[in-house]
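Colleague: Below: one structure in structure tokens.
No lab work stands behind these numbers, since they all come straight from the coordinates. Computed from a predicted model, the values in this text were never measured in an experiment. Note: ideal-geometry Cβ built from the backbone for every residue, glycine included; neighbour counts use all protein chains shown.
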Amino acid sequence: MKYIFDLISLIRFTRKSSSLGLLFLAARKSNIKFIYLISFIFAPFVSLFYFINPKMEINLGDGLKKLGPIFIKFGQGLSSRPDIIGEDIANTLAHLQDKLEPFSSKIARQIIEQELNQKLENVFETFSDKPIAAASVAQVHKATMLDGKKVAVKILRPNISKIYKQDIQLLYSIARICNSLFLNAKKVKLKEAVAIFEKTMKFELDLKNEAAACSEMYDNALKDSDVIIPEVNWEYSTSKVLVLEWLDGFSIYDDTKIEKYGIDKEELTKKLAIIFLNQAFRDGYFHADLHPGNIFVQKSGKIALVDFGIVGRLSDRDRFSMAEVLHSFINRDYKRVAEIHVEIGFVPKDTNIMDFALACRAAAEPIIGKPINKVSIGHLLESLFRIVSDFGMETQPQLILLQKTIILVEGIGQMLDPNVNIWKLSEPWMKKWATKNITLDAKIYRLVKKIIRDYAFLIKN
């Protein structure tokens, strides 16, 4: 019965994806003649057009948008997994914008009243019917609470959970059939990709999860002077409605306002870098969707972050080991880079250290040898992950998310001021953190602290 459902689902999907040119794109990328044949059967005119115009680009992003909201999120999720889909497709999907037509304010009001079990006017003094943002999973409205506080109200799209369940089954169907029909499909790890996406979407489809992520980052940043995280209004937040403190600000790319308020771009770049470093390496919990739409600048020069649907968490092991790896790379100590990977178990213990070190040198020297304003830590990590994969390391999704976020931060830094390097500006922070956390004295202190804690636990029990 499951295979009958798979077949029906696949036929419907194949018809639509063929008409959008996506199946022809898949054939072009894989060079599998059978996929060309299927594309011509289901959409002969579209396929013929692209066949006689081989230089004509097929817009993967637009195609995913037309397939529906879940496919937009799927494409965005896959953009951070080049280990699964390949770098070319990942880079294409990285530019996929999550924007859709908003659903009606009447429906938005109904959802709020159903979730809060009371009339809208009993909660909000004002509620703007025009959303300030509309994406594939939810949209955001501006409102004012009865006590006069301005808030942002995020509302899940109606029936999005039902649509998600149907589409996730379709994705699994496609993965199963592709794995059965094509030997190369198993190398692409389609089922693994769908499973990772399913886990991510379960997080995003319950706004209490985003509320918790925002709340944790708010607590972590209480003593930070340059970043503003919105406070969660837990009283009026549910699985389908999220109410957050309203944050005023303008786009980090708005040069006119940056100049108007006398904000120094180099200082702004430095603030953004340190905010990210504090989150990733101090707190081990970072905003993993730092595109310009989620970063605002206030008149004071402070940076405000919004939208906490995608976050990354690093264990103590991940934080300290990646910091030491980067520190060793910058100092060109490639043998130490290799040793760290063996010590923490990222690669097998019998790995040849010198071979690994040589591979690291080959990947790093072209990057580190560039002028300082051209050095990219994100691309350095990308090269490293390719090497460790060749040496037997299993995919570490949290580290790939870290690397992708670093590239986003670097990109914004380059847009603000192409002549500076975001990590050079952050060097004092890095040296201070390294002294405190990855020097020999720091390691001994951590070890003693752990022994005392473990001994106290044993005594207590």
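Colleague: In the range 256-303, what chymotrypsin sites (Phe, Trp or Tyr not before Pro) fall in a loop by DSSP, with at most 15 other Cβ atoms inside 10 Å?
Modeller: Filter output for the range 256-303: 261.
Colleague: Over all directions, average the projected area of the Cα convex hull of the range 248-461 and note it in nm². Could you put the intermediate results ahead of the total?
Modeller: Working: hull surface 56.8 nm².
Over all viewing directions, the range 248-461 projects a mean Cα-hull area of 14.2 nm².
Colleague: Step through the residues of the range 111-121 one at a time and calculate ³J(HN,Hα) from phi using the Karplus curve (6.51 cos²θ - 1.76 cosθ + 1.60, θ = phi - 60°), rounding each to whole Hz and writing x for Gly and Pro.
Modeller: Using θ = phi - 60°, the values come out as 4, 4, 5, 5, 5, 8, 6, 6, 5, 4, 5 Hz.
Colleague: Another one. Report, by chain and number, residues whose modeled amide H sits under 5 Å from the one on residue 138, excluding near sequence neighbours (fewer than 5 apart, same chain).
Modeller: 157
Colleague: Past the 19 Å Cα-Cα mark, which pairs from 270/431; 154/223; 223/265; 16/66; 106/142?
Modeller: Cα-Cα > 19 Å for 154/223; 223/265; rest within.
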